[in-house]
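Structure first, then comments.
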Amino acid sequence: MNILFIIHESSLTGAPKMLLYFIEWLKKHHPKMVITVLSLKRGLLEADFKTVSDYYYELEDYKKTPPTLTQRVLKKIFKGKPKPTPKDLLIAQLQATAFDVIYANTVITLPIAATINHGNASKLIVHVHELNAIIKQLLPDLSSYDKQVNHFIAASNLVKSNLIEQFKIDASKITRVYECSKVKPNTVTNIEHKIFNVGASGTAHWRKGSDLFILVANYIKVNYPDYNIKFTWVGDVSKNERIIIEEDLRKLHLTNAVHFIGNQTKPTRYYNDFDVFLMTSREDPFPLVCIEVGMLGKPIVCFKGATGTEEIIEQAGGGFVVPYLDIKEMAERIVFYYNNPESVKTHGMINTEAFSLFHPDIIAPQLLEVIKKIN
């Protein structure tokens, strides 16, 4: 089988990591498969994707060099047929390749996937890792591609419902396959520590709710001033976002209690130190970090209707699902864990078992089954 995977970027974020795990599994268990990867934007996982794929293309390497002033003038004078750009030639090369399947990993990649699949020679799969607001921002006309797509993979039941209700995709064309990740076992000894550590992770952004994380911390400081709780956010913080965050923390007198520590090459060492994980996202289909902290035995608190993680928490019981954007209720759940360390341990053990089901060795075969079903 010859498959073209298209990623929006080779960044160290959920959707690219998920696909990387899948391709690694494919090359291990189905080495005769020919894997081509096209990345629309360069990122930290570029070398990893190059290692696991037979052919790898970074679209940024094929961008057209801006014409000089002289070239622009001559073009206007002679009005000749435009010369194909390097990007045009790459797309033509991919169009001419006999791919069995084109796998668009995120809705952002769907337009270029449809262009490459002009004439419908290949089967087109779209793996949807996004929810409503992000899809409306990035590809509001998703429904117009419906006839060109053979099948959709939804990262959670929440994603599947959104595709059906908001974009009128037929349920029969959608298969829910949860995300997957892996993490090294927690080898940290249970050292008694006096500070209760509430963790969160992700790019500091409105979607991830970094502002809500600060408001939860402020509620606890105001209402439980004697509680020794610190808040740690692991993940990228842009320069402008950091200025805003630091100003909020200064005005709220939270500088010593809330820490945004930026990207970490080994985030697991910080996850190990969390007592509770706070999922403050407004939209998060099925975040890999919840799989990882769940595997490490951390209770999770999230908002209802905001993340597919809710589906596992409500089913297994390894945390709490609170009303959407209810920071008071979210804070009170942290207070509950602070006062009930036995529940921290019990819910953590539940999550270790529940989230162990989302390992690549279990999820990757489900993705391959979808590919086989439509091919």
* Phi to ³J(HN,Hα) by Karplus 6.51 cos²θ - 1.76 cosθ + 1.60 over segment 290-298, Hz, x for Gly, Pro -> 5, 4, 5, 5, x, 4, 7, x, 10
* Asked: In nm, to one decimal, how far is the GLU369 label point from the ASN132 one, both placed 7 Å along Cα→Cβ?
  -> 3.0 nm
* Structure fact -> With 0.36 nm assigned to each residue of separation and the Cα-Cα distance removed, ILE195 to LYS147 gains 11.8 nm
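Magnitude of the Cβ-charge dipole of segment 104-262, K/R +1 and D/E -1, about the Cα centre, nearest 20 debye?
Taking the Cα centre of segment 104-262 as origin, the dipole is about 240 debye.
Below 8 Å between Cα atoms, with a sequence gap of 6+, how large is the relative contact order for the chain in percent?
Relative contact order of the chain: 15 percent.
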* Under a plain spin-label model, where a point goes 7 Å from the Cα along Cα-to-Cβ, how far apart in nm are TRP206 and LYS345? -> 4.4 nm
* 1.4 Å probe accessible area per residue over segment 293-375, in Å² -> 43 Å²
* Structure fact -> What the Cα atoms of segment 104-183 span along the principal axes, largest first and in whole Å, is 38, 30, 25
* **Gain on full stretching of the segment that runs from LEU89 to VAL222 - 0.36 nm per residue minus C-alpha separation** => 41.8 nm
* Structure fact -> Place a point 7 Å from the Cα of ALA47 in the direction of its beta carbon; the residues of segment 147-188 whose amide N falls under 16 Å from it are none
* To do: Take peptides 8-15, 27-34, 305-312, 281-288 and line them up by average Cβ neighbours within 10 Å, highest first, as a rough protection proxy.
  => 281-288, 305-312, 8-15, 27-34
* Structure fact -> With +1 at each Lys and Arg Cβ and -1 at each Asp and Glu Cβ, the charge dipole magnitude of the chain around its Cα centre, to the nearest 20 debye, comes out at 1600 debye
* Tell me, what is the percent relative contact order of segment 102-150, built from C-alpha pairs under 8 Å that lie six or more residues apart? -> 44 percent
* In sequence order, calculated HN-Hα J values of segment 248-258 (Karplus, 6.51, -1.76, 1.60; Hz; x Gly/Pro) -> 4, 5, 5, 5, 8, 6, 10, 4, 8, 9, 10
* **Burial order of peptide ranges 244-251, 195-202, 339-346 (average beta-carbon count within 10 Å, highest first)** => 195-202, 244-251, 339-346
* Asked: Using a 1.4 Å probe, what is the accessible area per residue for segment 154-289, in Å²?
  -> 51 Å²
* Using a probe of 1.4 angstrom, how much of the accessible area of segment 319-375 is carbon and sulfur, in percent? -> 56 percent
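The values are calculated or read from the model by the stated rules, or taken from the named source; none is laboratory data. For clarity, every value in this text was computed on a predicted model and none was experimentally measured. A quick note on method: Cβ atoms are made from the backbone with ideal geometry, for glycine too, and the neighbour counts reach across all protein chains shown. Remember, those area values only see protein heavy atoms, side chains included, never the ligands or the DNA or RNA. Shrake-Rupley method; radii C 1.70, N 1.55, O 1.52, S 1.80 Å.
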